[in-house]
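The values are calculated or read from the model by the stated rules, or taken from the named source; none is laboratory data. Keep in mind it's a predicted model, so treat the numbers as computed, not measured. So basically every Cβ, Gly included, is an ideal-geometry build from the backbone, and we count neighbours across all protein chains shown.
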Amino acid sequence: MDLRLALGLAEALERPSFPEGVGLEVYLDPGLLEEDEPFRQLAAKRPKRLSVHLPFWNLDLLSPDPEVRGLTLRRLLLGLDRAAELGADRAVFHSGIPHGRTPEEDQRRAERLAAALKPVVRRAEILGVELFLENTHEPSPEGLKAVLEAYPELGFCFDAAHARVFSHTP
């Protein structure tokens, strides 16, 4: 079993050590993403197994605003670069697919997400960081299925709490 302790970057830096045999998943806080020093410090003390959770607050690859889409892409790509700097073996990201009014709308959003993810998936592959899609607000797994089928190299991270709160699928 691959068990990882989930902490924010600042929290991870405050810990003097990590439990033996337990990996670490660090949330890449957008407020620290562009500062080099926290990443240097974490790289110096990181546990053997490290993954990152890419930024997600106020980010949306499906936004109707091209500025927001562009910012989102830049933050995800920078997050992947930081993951590689830390020696992380994987990076988790949220789909950003909000609740659709209909299953057809969810499907269209999934298709748009698959197209928007192309540079993110490519960068992860180049950097050697395995990329995992995490369920969030999707009312059913169908939209995620479309994205995962578009990118067979993409892994899946199931968040049971997100599914319990947002999914309409029993």
Which of the residues spanning region 7-27 are in contact with a Ser or Thr (Cβ under 9 Å, 6 or more places away or on another chain) and either among the hydrophobic types (A, V, I, L, M, F, W, C) or not in a strand (DSSP E or B) (or both)? Leu24, Val26
Out of Pro30, Pro64, which single residue is closer than 19 Å to Ala124 by Cβ and either touching a Pro at 6+ places or on another chain (Cβ under 7 Å) or surrounded by fewer than 17 Cβ atoms within 10 Å (Cβ to Cβ) (or both)? Pro30
Output the number of the condition that Arg82 fails; it satisfies all remaining conditions of (1) surrounded by fewer than 21 Cβ atoms within 10 Å (Cβ to Cβ); (2) more than 26 Å from Lys145 (Cβ to Cβ); (3) under 17 Å from the mean Cα position of the chain (by Cα). (1)
Residues of region 28-57 being in contact (Cβ under 8 Å) with a residue 12 or more places away in the chain, among the aliphatic types (A, V, I, L, M) and outside any loop (DSSP other than H, G, I, E, B), in sequence order, are Leu42, Ala43, Leu50, Val52
Given the criterion in contact (Cβ under 8 Å) with a residue 24 or more places away in the chain, surrounded by 15 or more Cβ atoms within 10 Å (Cβ to Cβ), touching a helix residue (DSSP H, G or I) at 6+ places or on another chain (Cβ under 7 Å) and over 20 Å from Asp2 (Cβ atoms), identify the matching residue among Leu76, Leu131, Leu154. Leu76
Selection from region 50-61 of residues that are farther than 18 Å from Glu138 by Cβ, surrounded by 18 or more Cβ atoms within 10 Å (Cβ to Cβ) and not β-branched (Val, Ile, Thr): Leu50, Ser51, Pro55
Here the residues within region 113-128 that are in contact (Cβ under 8 Å) with a residue 40 or more places away in the chain, among the small types (Gly, Ala, Ser) and buried (at least 17 other Cβ atoms within 10 Å of the Cβ) are Ala116, Ala124
Among residues belonging to region 46-103 that are in contact with a strand residue (DSSP E or B) (Cβ under 7 Å, 6 or more places away or on another chain) and polar (S, T, N, Q), point out the one that is modelled with the lowest pLDDT. Ser95
Within region 34-45, of all residues that are out of contact with any Leu (no Cβ under 6 Å at 6 or more places or on another chain) and surrounded by fewer than 19 Cβ atoms within 10 Å (Cβ to Cβ), the one nearest to Leu71 (Cα to Cα) is Glu34
